[in-house]
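Below is one structure; the comments refer to it alone.
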Ligand code: FRU
């Protein structure tokens, strides 16, 4: 797929008028009034203008850094910069000035960053390790001239922990000799056994791997793809992970896919396998979905997290290229998903990469209500939740005591706009219906289908962990075995949450409901 198909905006206008040399400075602030319509209250959003993929994430000296694809001049996609924010707890974010601006080689597309602790690059010192960002230079002029080599991989480095950046003089470090039109999103990981850095990048329908001892000189080592799959892959992320409850280490390769996601459009997927320093061998022929929802794209992980916790944490872009540029927000466009911890478990169907909301989100809990042993036979409004559009619910269902055909919950306002989440034992599915979430529909495709997620409802129990934040819902099922992320835009915030049951009863063994604080200083 060609880039101008992915970003259905008038590229010509952007090339001529915006060019690649924007120099606008972004104001530094963490205390803006984040009260505008549809603005999530505990998800990361840019202060203003367009954002897509998370980029260059690393942890250093107590701070989680988050960079992101950013266009400071408009609320639609345009010549990309890297926006920047940092956090001490992954929940409260401080906006920082733009980190990377377009230059004469092009705009700054997605990529990663690593802390070069041993100064293998020689760009810093062991006392003051450099942070090395890898990104794609995208040259619009070359794209227009159809040179096919308009995407190349480059470096930038920071000698003060990620606050100021210098582009490497020898850019690009991986030129596009094969002239592959889609050749982008380099992300690096350290491979301890071979003592090499490994870079993964997306080359149309494959991932290409390169190795290096110094993060500057890269050698192509292998590629990985699936026979017969010619969808566009983006934003790969290769990393090791320990299998829960054992010492076994497997390798995960996350790739985001531009079409035919389970509920339409774009989504993040993964393979589990082994990586020997040269080749990635997947255990299965096909990928699994990291998230079954429509709105978790370009999910990637943080580099350099403290080893002792053996944690893998990441974040995704909470939108979908099918409608991202038309969603009805005014000053800004797009949010990130909640930050998530990934865990690898072994199940009867092989390895499973679980996604869980990071524990730090518990800092946001305000008031709580507990309800145990509750039978729902018709409908029950949960009055205990003070603010249903900014809430967390932890619900354990007793499926053994549930004989209802379909049960679930709905969130709605008095305009009749609603979001309905339903579980059906006979189809073994959860469905999420946002088709009536707004009386005025901003896009056809957004309201077209009811989304479905396969879940085994023949078990005794079903555990749900749900976050609702003004314009999004994230549902973590059975301790992260499956997850669903979806966005919606009611013309008035949802005011009520009600549980419902059709033709029978369903039983909640235990549940906790919380209202959550805003992460922004809205005083
Ligand atoms: C994914 C993506 C990347 C690219 C970036 C451009 O959403 O298409 O492949 O680097 O966005 O903004």
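The values are calculated or read from the model by the stated rules, or taken from the named source; none is laboratory data. If you're wondering where the values come from, they're calculated on a predicted model, not measured in any experiment. Quick reminder, even Gly has a Cβ in these numbers, built from the backbone with ideal geometry, and neighbours come from all protein chains shown.
Worth pointing out:
- Qualifying residue in region 494-514 (condition: assigned by TED's automatic domain parsing to the domain that holds residue 426, modelled with pLDDT of 95 or more, part of a loop (DSSP other than H, G, I, E, B) and under 23 Å from residue 261 (Cα atoms)): no
- Yes/no for residue 91 being surrounded by 17 or more Cβ atoms within 10 Å (Cβ to Cβ) and either modelled with pLDDT under 95 or more than 16 Å from the ligand (Cβ to nearest atom) (or both): yes
- Counted residues, region 202-231 - those being at positive phi and either outside the structural domain of residue 270 (by TED's automatic domain parsing) or within 16 Å of the ligand (Cβ to nearest atom) (or both): 1
- Conditions (1) in a loop (DSSP other than H, G, I, E, B); (2) within 14 Å of the ligand (Cβ to nearest atom): number failed by residue 269: (1)
- Among the residues of region 323-339, some residue qualifies, meaning at least one is in contact with a helix residue (DSSP H, G or I) (Cβ under 6 Å, 6 or more places away or on another chain) and surrounded by fewer than 20 Cβ atoms within 10 Å (Cβ to Cβ).
- Some residue of region 363-372 being touching a strand residue (DSSP E or B) at 6+ places or on another chain (Cβ under 6 Å), buried (at least 17 other Cβ atoms within 10 Å of the Cβ) and closer than 12 Å to residue 514 by Cβ: yes
- Whenever a residue of region 274-292 is assigned to a loop (DSSP other than H, G, I, E, B), its partners that are at pLDDT below 95 and surrounded by 13 or more Cβ atoms within 10 Å (Cβ to Cβ), lying with C-beta atoms within less than 6 angstrom and at least six residues away or across chains, give the pairs 292/262.
- Filtered by the rule that a residue be in a loop (DSSP other than H, G, I, E, B) and either within 23 Å of residue 228 (Cβ to Cβ) or within 16 Å of the ligand (Cβ to nearest atom) (or both), region 172-201 gives 172, 176, 178, 180, 181, 182.
- Qualifying residues in region 232-260 (those that are within 16 Å of the ligand (Cβ to nearest atom) and without any contact (Cβ under 8 Å) to a residue 40 or more places away in the chain) - the one farthest from the chain's Cα centre (by Cα): 260
- Only one entry in 54, 46 is over 26 Å from residue 148 (Cα atoms) and at pLDDT 95 or above, namely 46.
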